[in-house]
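These notes concern the structure reproduced below.
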Amino acid sequence: MTIREAALEELRREVDPYGGKASDFVIHHASGSIAGMRGLAADTAGLAKDKYPPNRLASRLIGALGGPDRYWFGGVAICGYHPGNEGEPLLCGLSDSQCHLITQVYSALYEEA
């Protein structure tokens, strides 16, 4: 796991190095002025398992954070977001408290693995 700043397009290319097509999904809903969390994953990762290795730890982390309880393949990125004016999420960086939460949950899951 790495926490760092990166442009959205760079994150999309990292989670899908074979085509750069990634979709985002809700992990934790935004509330008022508090940013939520969204994940990014390759669109075809579940269909092309030969290119995208199973990501057991990301699957457990995303579920523990309140995201979809499913099995993930390949790289997954987590971003902050605010609801946009027309319902489209505006992705942003994670807050310090979100980074701390992710790190704490990840550490606990990693120790169990």
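The values are calculated or read from the model by the stated rules, or taken from the named source; none is laboratory data. Just so it is clear, the model here is predicted, and its values are computed rather than measured. No Cβ is skipped: glycine too gets one built from the backbone with ideal geometry, and neighbour counts run over all protein chains shown.
Pairs are defined by a Cβ separation below 6 Å, a sequence spacing of at least 6 or placement on different chains, a first member in segment 89-113 that is hydroxyl-bearing (Ser, Thr, Tyr), and a second member that is not in a strand (DSSP E or B); the pairs so defined are TYR106/MET1; TYR106/LEU61. Being touching a Pro at 6+ places or on another chain (Cβ under 9 Å), in contact (Cβ under 8 Å) with a residue 40 or more places away in the chain and within 25 Å of LEU109 (Cβ to Cβ), is that true of even one residue in segment 52-68? Checked segment 52-68: no residue is touching a Pro at 6+ places or on another chain (Cβ under 9 Å), in contact (Cβ under 8 Å) with a residue 40 or more places away in the chain and within 25 Å of LEU109 (Cβ to Cβ). Of the strands (runs of 3 or more DSSP E) contained entirely in segment 1-108, those carrying at least 1 residues that are small (Gly, Ala, Ser) and either surrounded by 15 or more Cβ atoms within 10 Å (Cβ to Cβ) or modelled with pLDDT under 90 (or both) fall at 22-28, 36-42, 76-83.
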